[in-house]
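**Student:** Let me begin by handing over the structure; questions about it come next.
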Ligand SMILES: [Zn+2]
């Protein structure tokens with residue numbers, strides 16, 4: 001049976017890809033050849049979708065085996081209303097993923113898990129899905145832990161939180177020329193992420209810089 005959160009994520013993915021793919025064609029940042037490595041990019045997004053679910057199941061089993069739910073008592077965070085829990089989880093997950101991503105660029109062993117993601121010649125929404133299995137695992141672990149053990153999300157809350165991750169992940173890898181003005185100090189843009197891809201430099205952007213599996 002398909003879980004409720006998977007339905008949310010699938011609908012969100014279809015919608016956001018439809019929207020951003022259209023914007024890429026209207027306002028491309030760089031001219032790109034979408035046929036270049038198309039087969040590899042399609043396989044990559046299928047790996048993200050299916051392996052992401054496998055890791056989620058494995059992580060939950062692993063965390064349950066460690067009895068994390070019983071050991072960690074986060075009654076305060078679990079009792080918060082969804083409208084507070086979701087944005088809070090997004091910010092905390094973003095903080096965690098910033099450090100995971102930073103570690104991937106700083107430590108050689110972790111870089112090996114991430115190098116496939118930076119093997120992209122032409123960055124657009126589909127090529128941005130290139131992700132190794134270990135990269136997926138390292139990005140999934142804090143998100144699963146926060147969603148199901150710290151905040152005890154309901155299926156709907158998990159669906160919304162993970163859908164935000166889907167939107168951000170597709171958004172930052174799009175080939176769109178966009179200017180968000182002062183909002184760019186808070187929200188990451190495709191322009192900024194392109195710079196990151198080319199220079200592997202960092203700028204601290206707390207909110208939404210890494211949420212999702214990029
Ligand atoms: Zn990177």
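The values are calculated or read from the model by the stated rules, or taken from the named source; none is laboratory data. A quick note: this is a predicted structure, and the numbers were derived from the prediction, not measured. FYI the Cβ positions are ideal-geometry reconstructions off the backbone, even for glycines, and counts take in every protein chain you see.
**Student:** Given the conditions (1) at pLDDT 95 or above; (2) within 16 Å of the ligand (Cβ to nearest atom); (3) under 22 Å from residue 160 (Cα atoms), which single one is not true for residue 98?
**Tutor:** With (1) at pLDDT 95 or above; (2) within 16 Å of the ligand (Cβ to nearest atom); (3) under 22 Å from residue 160 (Cα atoms) applied to residue 98, the lone miss is (1).
**Student:** Ok, one more. Can you name the helices (runs of 4 or more DSSP H) wholly within region 1-97 that have at least 2 residues being in contact (Cβ under 8 Å) with a residue 40 or more places away in the chain and either under 18 Å from the mean Cα position of the chain (by Cα) or over 22 Å from residue 139 (Cα atoms) (or both)?
**Tutor:** The qualifying helices (runs of 4 or more DSSP H) are 4-26, 38-65.
**Student:** Ok, one more. Could you identify the single residue in 165, 103 that is outside any loop (DSSP other than H, G, I, E, B), touching a helix residue (DSSP H, G or I) at 6+ places or on another chain (Cβ under 9 Å) and modelled with pLDDT of 95 or more?
**Tutor:** Exactly one of 165, 103 is outside any loop (DSSP other than H, G, I, E, B), touching a helix residue (DSSP H, G or I) at 6+ places or on another chain (Cβ under 9 Å) and modelled with pLDDT of 95 or more, namely 103.
**Student:** Now a separate question. Can you tell me how many residues in region 185-200 are assigned to a loop (DSSP other than H, G, I, E, B), over 16 Å from residue 27 (Cβ atoms) and modelled with pLDDT of 75 or more?
**Tutor:** The qualifying residues number 3.
**Student:** Could I ask something else about it? Residues in region 109-141 that are within 14 Å of the ligand (Cβ to nearest atom), free of Cβ contacts under 8 Å to residues at least 60 places away in the same chain, more than 13 Å from the chain's Cα centre (by Cα) and more than 16 Å from residue 42 (Cα to Cα): how many?
**Tutor:** 7
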